[in-house]
Each structure stands twice: as C-alpha cells, then as structure tokens.
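**Student:** Dropping the structure in here first, questions after.
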Amino acid sequence: MGFYAIIALLNAIISSILGLFVFLKNKKSLVNRTFSLFCLAIAVWSYSYFFWQIAITQEKALFWSRVLMAGAIFIPIGYLYFLFALTKKIKEKGRFLNTSYLIFIFFFLSNFTPLFIKNVVPKLGFPFWPNPGILYHPFILAWLFCAFYSVYFLAKEITISTGIRRAQLKYVFIATVIGYSGGITNYLLWYDIPVPPIGNWAISLYLVIIAYAIVKYRLMNIRIAIGRMAIYIFSFLSVIGISFSLVSLNNRLLQPISFNILGPSIIVIAVLFFQFFFRLFEKLASRYFYYTFYSYQKVIGDLGKKLNKILNLKRLSSLIVDTLIKTMQLDRTVVLMREESGHYAILRNIGFKEENGISLVKDNFLTKYLERTKKPLVYEELFLAQKETVFKKEKENLEKLQENMKKIEANLCLPLFREDKIIGVIVLGRKISGDPYSQEDIELLTTLSTQASVALDNARLYEKIQDLSENLQEKVDQQTRELKEAYEKVNKSYQIEKKAHQELKHLDEAKNQFIMATQHHLRTPLTIMKGYVSMILEGDYGKANRETRKKLVFFQQSTEKLIRLVNEFLDISQFKVGKGVLNLQKVKIEDLVREIIKEIKPEVENKGIYLKLEKPASLPFVQIDPSKFKEAIYNIVDNGVKYTEKGGVIVNIKRQKAGTILIVVKDTGIGMSKEELDGLFEETFERSKGAKKLYALGRGIGLYIASNIIKAHRGKIWAGSPGKSKGSTFYIELPTK
Ligand code: ADP
C-alpha cells in the first residue's frame with residue numbers, strides 16, 4: 001500500500017470524525033451544518049481515493065476514480081457554502097450559491113459517463129490515472145473559479161473584521177490557501193503536466209489548521225469535541241498499528257496462521273485494545289496536553305481556591321490582579337468594587353491610566369448591562385454582536401457599550417456578583433501577545449469571577465464588621481464617659497438631697513417635740529382646770545351660790561370644748577406627719593354610734609329636736625380604731641345637731657352587699673349650696689354665713705379631720721344636700737374586712 005493510500009485513509013477518517021463532531025455539537029447552527037457537509041465531501045473523496053489507490057483492476061480503478069470525483073465535485077461549492085455561513089452572507093449570496101449548485105449538480109450527474117472520465121491509464125508511477133472527458137474542462141474552470149473566489153472572499157472579509165473574528169478568519173484563510181494550492185496539483189496530471197498530486201497532503205494540513213482554529217479561537221465552539229476526536233484518532237491509529245504488526249509478524253512465521261483464524265482474533269484484540277488506548281490517551285491528554293498548553297489556566301484555577309483563605313480586601317485584589325497579569329500576560333488589569341453610592345472604587349490597578357476614566361466608573365450602561373447578562377463582556381465581540389443585530393435600538397446600545405469600554409480602555413469586563421447584584425468588576429486589558437481571549441479563557445475567568453465575588457464580598461463584610469466594632473468600642477467608651485458624668489451629677493444631687501432629708505428629719509423631730517410640748521403645755525393645764533371646776537361644782541371647796549354655779553357650768557363647757565380643740569389640732573398634726581397610726585380593734589359600730597348619741601343628747605334636748613339611730617337587727621363587726629373613728633362620726637353627728645333648728649337628725653347604719661357598711665347621717669337643718677358641697681372635706685374650707693350665724697365658734701376643720709380618719713380606715717365619705725334650708729346628708733362607707 002502506497003503513501004497516497006495511507007494519507008487518503010487518514011484524511012477520510014479525520015474528515016468524517018471532524019464533520020460528525022461539528023454536526024453533533026450544534027445541529028442547529030448553519031455554520032456547523034455547512035462545515036459538516038464540506039467534511040462529508042472530503043470524506044467521500046478521500047475514501048474513494050484510498051480504494052482507487054489500492055485497486056488492482058482497471059474497472060475497479062475507474063469506478064473508484066468516478067466516486068472520487070463525485071466527492072471532489074462538491075468540495076469547492078460546499079466550501080463556499082460554509083464560508084458564506086461563517087460570515088453570515090448566505091442570504092446575500094443566495095442566488096450565486098443556487099446557480100453554482102445547479103452547475104455542480106450537472107457535473108455530478110455527468111460524472112458517471114465517459115463525458116467526464118474517459119478511462120484510466122498509467123501515469124507518473126500511478127497505474128490507473130484517469131483521462132479527462134469533454135465536460136471535465138468546464139468543471140476545472142468552475143473549480144478554479146470557486147477556489148479563487150473563496151480566497152478573495154476571505155481576504156476581503158478579514159480586512160473588514162476585527163478581534164477574534166479576524167483571528168478566526170485568518171486561520172481559515174491560511175488553511176484555504178494551503179488546501180486549494182494543494183488541490184490544484186491533483187488536476188495537473190490530467191493534462192499531462194508531470195507534477196505529482198499533493199492535494200491529499202494539503203487537505204490534511206488544512207484539517208489540522210482548521211482544528212487548531214477551532215480549539216484556539218472558538219471556531220464553531222467545539223474545543224472539547226476536538227480534544228475527544230484527537231483521542232479517538234490516536235486510539236484508532238494505535239489499534240491499526242498493532243493489527244498491522246500482528247499481520248506482518250504472522251507472515252514472517254514459518255507456518256503462518258490462516259487468515260480465517262487470525263482475522264477475527266485481530267478484530268477481538270483490536271476492540272479490546274481500542275478501549276485501553278482510549279483511556280490511556282484520555283489520561284495523557286488531561287495530564288500533559290492540557291497542562292503544557294494551558295498551564296496558566298491551572299494557575300488561575302488554583303488562584304480561585306486560594307482566594308477563600310484571605311479576608312483582607314487589599315491583599316485579595318492584589319493577588320487577583322497580579323496573578324492575572326503574570327500568568328495571562330496582560331498589559332493591564334484592575335479590580336473595581338462597587339460602593340453604596342454607586343461609584344466603583346479601585347482596589348488594585350496595574351496598567352490602567354486613572355485619568356482615562358477607570359477611577360470615575362459608576363453605575364452606568366456598562367455595569368447595568370453586565371448585571372443583566374451576568375457574562376464576561378469581550379470588547380471585540382461587541383463588534384460581532386453589532387454586525388449581527390438588525391434592531392436599531394440594540395445596535396445603539398451596543399455602540400454605547402463599546403464606547404464605555406473604550407473609554408476605560410477595557411478589553412474584557414468580568415462582572416462580580418452577590419445574590420444577582422453587581423458588586424464589582426474585574427477589568428482586563430489585552431494580552432501582550434496580541435492573541436484574543438479564547439473560549440477556554442472566558443470559561444476560566446467566569447469560574448474565577450464566581451470565586452472572587454464570594455471572597456471579595458466576604459472580605460468587604462469582614463472589614464465592615466471590624467470597622468463597626470471599632471466604632472462600637474468608641475461609642476461604648478463615649479457612653480461610659482457620659483454615664484459617669486451623669487452618675488456624678490446624680491450623686492451630687494443625691495448628696496444635696498440627703499442633706500435636705502436630714503434637715504427635714506431634724507425639722508420633723510422639732511415638730512414632734514412641738515406637738516409633745518403642745519400636748520403637755522396646753523392639754524395638761526386644761527385638764528387641771530376642768531378637774532378643779534368639777535371639784536368646785538361638786539362643793540369640795542364650800543357651797544357656791546347659784547349665780548356662781550351657772551357661770552362655773554359655762555366655764556366647764558368651754559374648757560371641754562377647748563380640750564377637744566387641742567385634741568383636734570394634735571390629730572391633724574399627727575396625720576400630717578404620718579403618725580396617725582391606727583390602733584385597730586374589732587368593734588360593734590352601733591355601740592359606738594349609741595355612745596355618741598348619748599354624749600350629744602343634752603344639747604339635742606336643749607334645742608328641742610330629735611336624734612335617732614336606725615339599724616338592721618344585726619350588723620357585722622368592723623375593724624377600726626375606736627377613739628379615732630368615734631371622733632370622726634361624732635363630728636358629723638354633732639354638725640347635724642349644730643346646724644338643725646327644727647326637726648332633727650337620723651343616723652342610719654346599713655349593711656351593703658360588697659362587704660361594706662354605710663352610715664348615713666341625715667338632718668333637716670340649714671342644708672348646703674353646691675359650692676359649699678365642693679371642697680367640703682378640704683383643709684381650707686370656708687364656713688357658710690348660715691353656719692357662722694348658728695354656730696359662731698365653728699372652725700371649719702372638723703370634716704377635714706373626719707375624712708382623714710375615714711380614709712385611713714380605707715373608707716369613703718361624701719355629702720349631699722338638695723339646697724339651702726333643705727337639710728343635709730352625710731355618707732360614710734366602711735369596709736367590714
Ligand atoms: P365647724 O366647726 O365649722 O362645724 P366643720 O368642718 O365640722 O367645722 O364643718 C364645716 C362647715 O360645713 C360648717 O361650718 C358648715 O358651714 C358646713 N356644715 C357641716 N355640717 C353641716 C350640716 N349638717 N348642715 C349644714 N352645713 C354643715
């Protein structure tokens with residue numbers, strides 16, 4: 001088997017696998033579909049080439065050379081189709097394409113007649129070289145036209161494109177020139193020009209270059225698929241190598257094993273070994289191929305892991321910027337962090353000129369776009385997007401974006417997110433090598449941006465908390481100082497108050513002493529006076545005449561009133577200074593009232609009025625201080641008698657439901673006006689004119705004392721009167737428990 005056969009087989013395998021992968025990767029993409037069709041044409045051509053080369057009879061050679069041409073006829077038109085799809089010119093070139101297809105289909109149909117290939121003859125070492133028929137010549141013209149047009153078209157496209165698209169097209173251009181230059185040589189021998197055909201070699205080279213462009217420049221976005229394809233091819237070749245070795249080893253044996261046995265066993269061995277090789281190459285590729293070609297990507301992958309361990313914003317951003325610059329060989333990189341105001345602060349910058357606007361970035365069209373798309377934004381790709389879009393608005397937006405990026409000299413913007421909100425941007429310049437960013441780079445940077453986002457956000461929060469805790473300490477200190485000052489103030493006023501309290505205490509003691517003195521100096525002589533008067537009246541010092549006795553009785557009454565008055569004053573003072581301590585006893589209230597009535601009786605009789613007690617058959621006991629409570633009720637009943645000229649006074653004791661009794665003192669006397677009723681029980685009560693007239697000696701404090709005593713017993717006192725000279729009623733409510 002000659003080299004031509006081997007190279008043709010190789011091309012056949014590579015082109016069919018490449019075509020299949022590209023198709024499977026994205027069946028919907030027109031670029032992928034047209035490229036697959038082109039690969040199919042190459043595969044048909046290459047397989048037949050192989051069989052043509054190994055043919056041993058004329059008929060077979062003629063047949064395979066015709067099949068070969070069937071594939072070859074569609075190569076130029078298929079390739080144009082692919083180029084138009086790649087540059088999005090299908091619609092524009094629709095008519096041109098359709099006419100060309102019709103022409104090539106015509107050639108295809110004529111291909112199986114002698115009009116296209118007459119016969120096969122030996123030529124330049126080839127045993128069966130085809131002789132051209134009449135239609136072969138126009139085909140060659142069409143073929144040449146397509147080849148030159150493809151090269152011209154690509155050259156024109158390159159001049160009007162930029163960035164990654166330009167890089168992609170450059171590779172496609174080089175591959176096309178090589179492919180077609182080689183292709184031409186395949187037809188020279190048909191015209192007896194003695195140049196050996198090198199089209200097959202050229203096509204191999206073409207496929208390699210295209211595969212490289214696919215890997216490096218995201219042509220058709222199938223880098224991973226290509227990697228797999230390489231592994232398949234290597235595995236396949238290894239298995240073929242082993243099979244051939246086995247066959248040739250067998251041939252050298254003295255007694256070779258029959259092919260009937262060897263054939264199937266080789267197939268079994270090949271299947272088993274294929275899997276082994278596949279795994280081996282897969283391992284080798286991931287370990288060495290990737291590593292040597294993309295070592296910086298590994299570094300960036302490792303960087304992501306490192307970021308988690310740093311909580312200092314400055315150190316984090318420095319690490320990101322320095323690593324990116326060094327490993328990707330960039331001219332500039334900056335990390336921008338969004339502040340609450342919407343401005344983007346520079347955390348670390350290498351290479352960007354701040355005066356060109358990078359320090360002025362704030363929420364704008366660019367950042368909003370990044371927030372919306374959540375994808376890295378490549379400056380060059382904006383040109384592509386702009387070209388592709390048909391919407392005017394979108395075009396304007398893209399132009400605006402481009403302007404924004406140009407202003408800050410950005411080639412790639414890597415947005416940083418936290419919970420869908422943009423928190424910053426890593427802005428990259430261009431690669432010093434001039435290479436565009438590959439798909440690999442972008443995928444890697446996307447992963448890095450996720451890790452960087454988390455790390456940067458955490459660091460920012462951490463610094464915020466640290467700031468806060470420092471502030472907090474300051475605030476706590478400040479408040480402690482203030483508290484201390486306040487405490488000192490309070491302490492000072494406390495000291496003043498303490499002093500005042502002590503002074504008050506002294507005053508209180510003085511007052512108590514005054515009360516004691518009053519008690520002693522007023523009441524004692526009065527009691528002595530009272531004693532002597534009663535002794536004189538009882539005749540202890542000789543019999544007094546009637547007139548003297550009359551005066552002495554008057555004297556005795558006045559003394560008693562005076563004693564009562566002194567007692568009242570003492571009561572007020574004592575209640576006021578909180579000394580009105582009650583000496584509580586279980587008492588029958590009706591007995592107490594009876595005693596009062598008995599004491600007042602003489603005056604009642606004197607006045608010719610009545611004083612009666614009304615009560616139910618039984619009454620509960622009450623807990624009271626008998627002498628104090630008697631004084632209170634005495635005052636009220638006494639008032640009733642004092643201020644009544646006609647009729648009389650009725651004291652009614654009632655039992656009430658809510659554990660209380662009610663004492664009602666009702667008279668038919670002078671009554672009270674509304675104004676008099678208000679403030680009746682207050683210390684500063686002014687006596688009414690009528691009252692003054694009836695009882696000139698009144699002091700207007702009896703009721704005040706009575707109400708104080710009743711309140712001290714948890715009781716209530718109130719009064720009512722329908723009006724002047726219509727009598728008054730006093731109510732005293734007292735709890736029984
Ligand atoms: P006084 O020593 O003046 O009676 P009170 O405190 O006992 O002092 O009474 C205050 C005033 O209330 C009396 O001066 C009188 O104007 C009025 N008052 C008290 N009880 C009656 C009553 N039963 N009828 C009419 N007015 C009364």
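**Student:** Taking 2.2 N^0.38 Å as the expected size of a compact globular protein, what ratio does the Cα radius of gyration of the range 489-576 give against it, to two decimals?
**Tutor:** Working: Rg = 22.0 Å, N = 88, 2.2 N^0.38 = 12.1 Å.
Computed over Cα atoms of the range 489-576, the ratio equals 1.83.
**Student:** What shape does the range 73-181 have by the C-alpha gyration tensor, where a ≥ b ≥ c are the square roots of the eigenvalues, rounded means a/c under 1.5, and otherwise prolate means a/b greater than b/c and oblate the rest?
**Tutor:** oblate
**Student:** Now, a different point. For L330, list long-range residues whose amide hydrogen, built 1.01 Å from N in the peptide plane, is under 5 Å from its own amide hydrogen.
**Tutor:** Counting only residues 5 or more places away or on other chains, the set is I432.
**Student:** Using amide H atoms built in the peptide plane, which far-off residues or other-chain residues are under 5 Å from K118 H to H?
**Tutor:** Distant-sequence amide H within range of K118: N131, G133.
**Student:** Would you mind checking the pairs K27/K91; K326/K421; K93/K368; K505/K586; K305/K421 and listing those with alpha carbons more than 26 angstrom apart? Present the calculation step by step, with values, prior to reporting the outcome.
**Tutor:** Numbers: K27/K91 20 Å; K326/K421 29 Å; K93/K368 38 Å; K505/K586 35 Å; K305/K421 23 Å.
The pairs that break the limit, which is 26 Å between Cα atoms, are K326/K421; K93/K368; K505/K586.
**Student:** May I pose another question? Over all alpha-carbon pairs in the range 296-457, figure out the percentage whose distance exceeds 25 Å. Write out the running numbers ahead of the final one.
**Tutor:** Values: 3251 of 13041 pairs.
Of the Cα pairs, 25 percent sit more than 25 Å apart.
**Student:** Give me the lysines in straight-line cross-link reach of K646: C-alpha distance below 18 Å, same-chain residues under 8 apart excluded.
**Tutor:** K601, K607, K612, K666, K692, K693, K724, K726
**Student:** Rounded, prolate or oblate, given the Cα gyration tensor of the chain, with a/c below 1.5 counting as rounded?
**Tutor:** Since a/c reaches 1.5 and a/b is larger than b/c, the shape of the chain is classed as prolate.
**Student:** Measuring from the lowest to the highest alpha carbon on each principal axis, how far does the range 520-644 reach, largest first, in angstroms?
**Tutor:** 50, 39, 27
**Student:** Assign unit charges at the C-beta atoms only (+1 for Lys and Arg, -1 for Asp and Glu), then state the dipole size of the chain relative to its Cα centre in Debye, rounded to the nearest 20.
**Tutor:** Values: 102 positive and 66 negative charges, 291 e Å.
In total the dipole reaches around 1400 debye.
**Student:** For the chain, what is the mean residue ellipticity at 222 nm derived from helices alone (per DSSP H run of n ≥ 4: -39500 (n - 2.57); sum divided by total residues; nearest 500 deg cm²/dmol)?
**Tutor:** Details: 23 runs with 470 residues, N = 737.
Calculated mean residue ellipticity at 222 nm is -22000 deg cm²/dmol.
**Student:** How many nm separate the modelled label positions at S341 and L115, each set 7 Å beyond the Cα in the direction of the Cβ?
**Tutor:** Taking the two extended label points, one gets 8.2 nm.
**Student:** Now for a different question. In terms of the ratio Rg/(2.2 N^0.38 Å) built on C-alpha atoms, what value belongs to the range 597-672? Please report the intermediate quantities before stating the final value.
**Tutor:** On the way: Rg = 13.3 Å, N = 76, 2.2 N^0.38 = 11.4 Å.
Ratio of Rg to 2.2 N^0.38 Å for the range 597-672: 1.17.
**Student:** May I ask you to derive the relative contact order of the range 489-576, considering only C-alpha pairs under 8 Å and at least 6 residues apart, and to give it as an integer percent? Display every interim value, and only then the final one.
**Tutor:** Numbers: 27 pairs, mean separation 28.1, N = 88.
Relative contact order for the range 489-576 comes out at 32 percent.
**Student:** Label-point separation (nm) for H501 and I90, each offset 7 Å from Cα along Cα-to-Cβ?
**Tutor:** About 9.9 nm, to one decimal.
**Student:** A follow-up question, please. For the range 489-576, with every protein chain kept in place, what is the accessible area per residue (1.4 Å probe, Å²)?
**Tutor:** Details: 7000 Å² over 88 residues.
Normalised by residue count, the accessible surface of the range 489-576 is 80 Å².
**Student:** Using the 2.2 N^0.38 Å rule of thumb for compact globular proteins, work out how the range 1-104 stacks up: its C-alpha Rg over that value, please.
**Tutor:** Values: Rg = 15.3 Å, N = 104, 2.2 N^0.38 = 12.8 Å.
Computed over Cα atoms of the range 1-104, the ratio equals 1.19.
**Student:** Here is a follow-up. For the chain, what % of the accessible area comes from carbon and sulfur atoms, probe 1.4 Å?
**Tutor:** Values: 25190 of 41510 Å².
Percent of accessible area from carbon and sulfur atoms in the chain: 61.
**Student:** Let me ask another. For the pair K326/I193, report the inter-label distance in nm, with labels modelled 7 Å from Cα in the Cβ direction.
**Tutor:** 5.7 nm
**Student:** How large is the accessible surface per residue of the range 3-224, computed with a 1.4 Å probe and reported in Å² as a whole number? Walk me through the numbers on the way to the answer.
**Tutor:** Numbers: 9810 Å² over 222 residues.
Dividing the accessible area of the range 3-224 by its residue count gives 44 Å².
**Student:** Now a separate question. Residue separation times 0.36 nm, minus the C-alpha to C-alpha distance between Q58 and S181: what's the value?
**Tutor:** Values: separation 123, 0.36 × 123 = 44.28 nm, distance 2.91 nm.
Taking Q58 through S181 to full extension adds about 41.4 nm, to one decimal.
**Student:** Using only the alpha-carbon atoms, how far is helix 313-328 inclined from the longest principal axis of the chain? Give it as 0 to 90 degrees, nearest 10.
**Tutor:** 0 degrees
**Student:** Y610's amide H: which non-local residues (gap 5+, or another chain) put their own amide H closer than 5 Å, with H modeled 1.01 Å from N in plane and none for Pro or chain starts?
**Tutor:** HN-HN under 5 Å from Y610: G648, V649.
**Student:** Sequence neighbours fewer than 8 away in the same chain don't count; with that in mind, list the aspartates and glutamates whose C-alpha is under 16 Å from K406.
**Tutor:** Result set, ordered by chain and number: D331, E354, E355, E380, E381, E396.
**Student:** While we're on this one: Expressed as an acute angle from 0 to 90° and rounded to the nearest 10, what is the orientation of the C-alpha long axis of helix 136-160 relative to the principal long axis of the chain?
**Tutor:** It works out to around 30 degrees.
**Student:** Quote the FRET efficiency, to the nearest 0.05, computed for S725 versus K550 with a Förster distance R0 of 22 Å and r equal to the Cβ-Cβ distance. If you can, show how the numbers build up before the last one.
**Tutor:** Working: r = 33 Å, r/R0 = 1.51.
Computed FRET efficiency for S725 and K550 comes out at 0.10.
**Student:** To test your reading of the geometry: what angle, between 0 and 90 degrees and rounded to tens, separates the Cα axis of helix 58-86 from the longest principal axis of the chain?
**Tutor:** With both axes taken from Cα atoms, the answer is about 40 degrees.
**Student:** While we're here: Where only protein heavy atoms count, and the probe is 1.4 Å, what is the accessible area per residue for the range 296-457 in Å²?
**Tutor:** Numbers: 7970 Å² over 162 residues.
Spelled out: the 1.4 Å probe surface of the range 296-457, per residue, equals 49 Å².
**Student:** Now a separate question. Normalised by the residues of the chain, what does the relative contact order come to in percent, with Cα pairs under 8 Å and at least six apart? Working shown, then result.
**Tutor:** Details: 959 pairs, mean separation 47.4, N = 737.
Computed over the chain, the figure is 6 percent.
The values are calculated or read from the model by the stated rules, or taken from the named source; none is laboratory data. Note that the coordinates shown come from a computational prediction; the quantities given were computed from them, not determined experimentally. For neighbour counting, all protein chains shown are included, and Cβ atoms are generated from backbone atoms with ideal geometry for every residue, glycine included. What goes into the accessible areas is simple: the full protein's heavy atoms, side chains included, and nothing from ligands, DNA or RNA. Shrake-Rupley method; radii C 1.70, N 1.55, O 1.52, S 1.80 Å.
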